[in-house]
Amino acid sequence: MKKKIIYIVLFICLFALAMLPIIGCEKQAYAMTMQTDTKENLPLTPNGFGEYLTEYNSGKVLYQYNADSRHEIASMVKIMTANLIFEAIDEGKLSLDEKIVISKEAADMGGSQMFLDSGQSYSVNDLIKGIIVVSANDASYAMAERLGGSVEGFVSMMNKRAKELGMNNTLFANCTGLPCDKEQYSSAKDVNIMTRQLMSHEKYFEYASIWMEDYTHPSGRVTQLVNTNKLLKQYNGCLGGKTGYTDKAGHCLSACAGRNNLKVVATIVGGSDSKSRFNQVRSMFDYAFANYVNKIYYKKGDIAGSIKVAKSPVKEIEVAIAEDIAHFSKVGDKSQEIELKLPEKIKAPIKKGDVIGQAKYNLDGKEYSVNLIALEDARKSSFWDIVKDISNKW
């Protein structure tokens, strides 16, 4: 019996020794699958905690490093604040001319500000300008009170919108990004997502392009607004951006640039210093414009052709493309051609500007469609039009 036990123990030990290399290989394989951001394989040398570069229209990722890791983002929180403001305007819940009375709490905000006067009324237009140009905490607080009923209510709106946009590694605790007792974080990827969303509001670029402006307060007092995004002056094609800094967040920047029909968005979280964050985003822009192109086949408003009209004295009308048709690809990739397939016939009545159908086309082996806009009216045939048409046929 003792011998039997000894043999069993020896067998178990030998089996365990034999399995060690396999277990080691499994652990190594697991480690390799988890290691997604090896610096040696990246086209750029990372300079921040997390970095992310995308093409604006498609969202295609051109470069990323530690993109999903959570980190504080300081004033880049205001990208979401601005998004909610523009969305409220688009929905008719807010107007640029509306006057907002500044609370004492808003006026007393520290950090970056436009030095609002407590009790005075400021237009939404001016408060947006302060938020986007100088990263004004006081203006952000005032807008949060207006849209959310309270800052806490507005923060709930921010977190809800983040989930809707697929920002899975983001938690907002305030509308400014200032340090607080509550947990707050985002990631390079999530900041890039909300930056691209902000770029969908054309009005944003009017504010983002302001470099310096003397601002006159309702009291007559004048203060100067200076853009925190230095790339606006330093980089050819920079369209806008949002900086951020706290001791915990480090130096952050999410900016957009466009050249030759190509728009890209570059984000860095947790940069080591102010100069290096601008240099790193500049490097990301350079990499994108050197290695990728966006070929425009049709621009919004271009004539796509003519379509026959049924039941109308107008036999055919010209139609235009409702949005750009473009193809994003690497420099040197084989050029593709496209053919628009228009509807054979459409029915009257049609008014100029109506969406009358879709054109189909193929790119990269996939079928796409784009809305078509009528460029002229086509009324429905009257009784006499029908009689006239019959007589003409006779």
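The values are calculated or read from the model by the stated rules, or taken from the named source; none is laboratory data. Just so it is clear, the model here is predicted, and its values are computed rather than measured. Cβ placement follows ideal geometry from the backbone for every residue including glycine, while neighbour counts extend to all protein chains displayed.
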- [ ] Kindly check whether there is at least one residue in the range 36-49 that is under 25 Å from S274 (Cβ atoms), outside any loop (DSSP other than H, G, I, E, B) and either outside the structural domain of C256 (by TED's automatic domain parsing) or modelled with pLDDT under 95 (or both).
- [x] yes
Task: Options T45, T54, T81: the member that is on the phi < 0 side of the Ramachandran plot, of a type outside the set (D, E) and surrounded by fewer than 17 Cβ atoms within 10 Å (Cβ to Cβ) - done: T45
Open item on the list: Can you confirm whether K352 is of a type in the set (K, R) and over 30 Å from Y56 (Cα atoms)?
Closed with: yes
Open item on the list: Out of G130, G177, G119, G111, I need the residue that is over 19 Å from A255 (Cα atoms) and modelled with pLDDT of 95 or more. Which one?
Closed with: G119
Task: Test: G258 is outside any loop (DSSP other than H, G, I, E, B), more than 15 Å from G50 (Cβ to Cβ) and either of a type outside the set (F, W, Y) or touching a residue at least 60 places away in the same chain (Cβ under 8 Å) (or both) - done: yes
Task: Counted residues, the range 123-169 - those being surrounded by 24 or more Cβ atoms within 10 Å (Cβ to Cβ) and in a strand (DSSP E or B) - done: 0
TODO: State whether the residues of the range 256-268 include one that is assigned by TED's automatic domain parsing to the domain that holds F205 and either among the hydroxyl-bearing types (S, T, Y) or more than 24 Å from Q197 (Cβ to Cβ) (or both).
DONE: yes
TODO: Look at the range 264-285 and say how many of its residues are touching a Leu at 6+ places or on another chain (Cβ under 7 Å), assigned to a helix (DSSP H, G or I) and more than 21 Å from V77 (Cβ to Cβ).
DONE: 3
Open item on the list: Among the residues of the range 191-208, what is the count of those that are surrounded by 12 or more Cβ atoms within 10 Å (Cβ to Cβ) and out of contact with any strand residue (DSSP E or B) (no Cβ under 7 Å at 6 or more places or on another chain)?
Closed with: 9
TODO: Could you tell me whether the range 374-390 includes any residue that is within 29 Å of the chain's Cα centre (by Cα) and more than 30 Å from P46 (Cβ to Cβ)?
DONE: no
